[in-house]
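Okay, so here's the structure we're looking at.
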Amino acid sequence: MKALVLVDIQNDFLPGGALAVPDGDKVIPVANRLQVAFPLVVATQDWHPANHGSFAASHPGKKEFDHIELNGLPQTLWPVHCVQNTKGAELAAGLSRERIIKVFPKGTDPGIDSYSGLFDNGHRKSTGQGEWLKAKDVTDVFVSGLATDYCVKFTALDAAQMGFKTHFIEDASRGVNLRPDDAAKALEEMRRAGIAVVQSADLLRAE
């Protein structure tokens, strides 16, 4: 069975949000069109405590986008974003919810970041998403959302590592591009891991 995984399509990642992804809002209509093409749709949601260790504000003297070590792992320091129970953490208002069966929160441990929707960055704890998909007999995972060069990429890489046939939907995703070529490099990294790069039109045409 095929599953569509919508990664972090949340207010704080949209234009005007705390950690806006350029053109992040453009993924919403594509995600809505895609949902009808899949028997199973799930979403991930950044869901940080207010004191999360990935926030620059949690480290006096540090600036946003500085690099530190957090509990033994390299960490980019981000603006405060997607704090639990805030408007910024909510799924985007324009995102269709009717077909989203389950939402998997991530980044809930203040001591470790979780870019992937399946594991934290150290692979120390699972979100349960991969196991849940396997229990639903999912074989093919199609990943899209925000942002290509972080949470989408790591979700796709972990899905492939767990044995799912994994696909990245390029036009249903956007990159942060802290460096101008980050999204392009993410694309190549996914391809090297055996992840197929597809477009929404191809998937909708196949229906």
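Since every read-out is calculated from the coordinates, none of them should be taken as a lab result. Here the structure is a predicted model, which means the values were calculated and not measured. Glycine gets a Cβ as well: all are built from the backbone with ideal geometry, and neighbour counts include every protein chain shown.
List of remarks:
- Dividing the mean sequence gap of close Cα pairs (under 8 Å, 6+ apart) by how many residues the stretch 12-134 holds gives a relative contact order of 27 percent.
- Residue exposure proxy: Asp23, Asp12, ordered by other Cβ atoms within 10 angstrom of their Cβ from fewest to most, comes out as Asp23, Asp12.
- Full-extension gain in nm, Asp137 to Lys62, via 0.36 nm per residue minus C-alpha separation: 22.5 nm
- Distant alpha-carbon pairs in the stretch 1-87 (separation over 22 angstrom), percent: 39
- Rounded FRET efficiency, nearest 0.05, which uses the C-beta distance separating Leu73 from Arg99 and R0 of 30 Å: 0.30
- Ranked for footprinting exposure by Cβ neighbours inside 10 Å, fewest first, Val36, Val30, Val141 give Val36, Val30, Val141.
- Cβ crowding within 10 Å ranks Arg97, Arg205 as Arg205, Arg97, fewest other Cβ atoms first.
- Square roots of 5 times each gyration tensor eigenvalue, C-alpha, the stretch 102-198, largest first, Å: 20, 17, 11
- Of Lys26/Lys106; Lys87/Lys134; Lys26/Lys102, those spanning more than 25 Å from alpha-carbon to alpha-carbon: Lys87/Lys134
- The calculated 222 nm mean residue ellipticity attributable to helices in the chain amounts to -5500 deg cm²/dmol, summing -39500 (n - 2.57) over DSSP H runs of n ≥ 4 and dividing by all residues.
- Scanning residues 5 or more positions from Phe55 or on other chains, those with amide H under 5 Å from its amide H are Trp78, with H placed 1.01 Å from N in the peptide plane.
- Cβ-defined net charge surrounding Ala57, 13 Å radius [Lys, Arg +1; Asp, Glu -1]: 0
- Whole-number percent relative contact order across the stretch 114-207, with pairs defined as alpha carbons under 8 Å at least 6 apart: 27
- Mean shadow area of the chain, taken as a quarter of the surface of its Cα convex hull (nm²): 10.6
- P(r) histogram, all alpha-carbon pairs of the stretch 49-160 included - 10 Å bins from 0, percent: 13, 42, 34, 10, 1
- Projecting label points 7 angstrom from Cα along Cα→Cβ for Lys87 and Arg179 puts them 3.6 nm apart.
- Mean separation of Cα contacts under 8 Å (6+ apart) over length of the chain, as relative contact order %: 24
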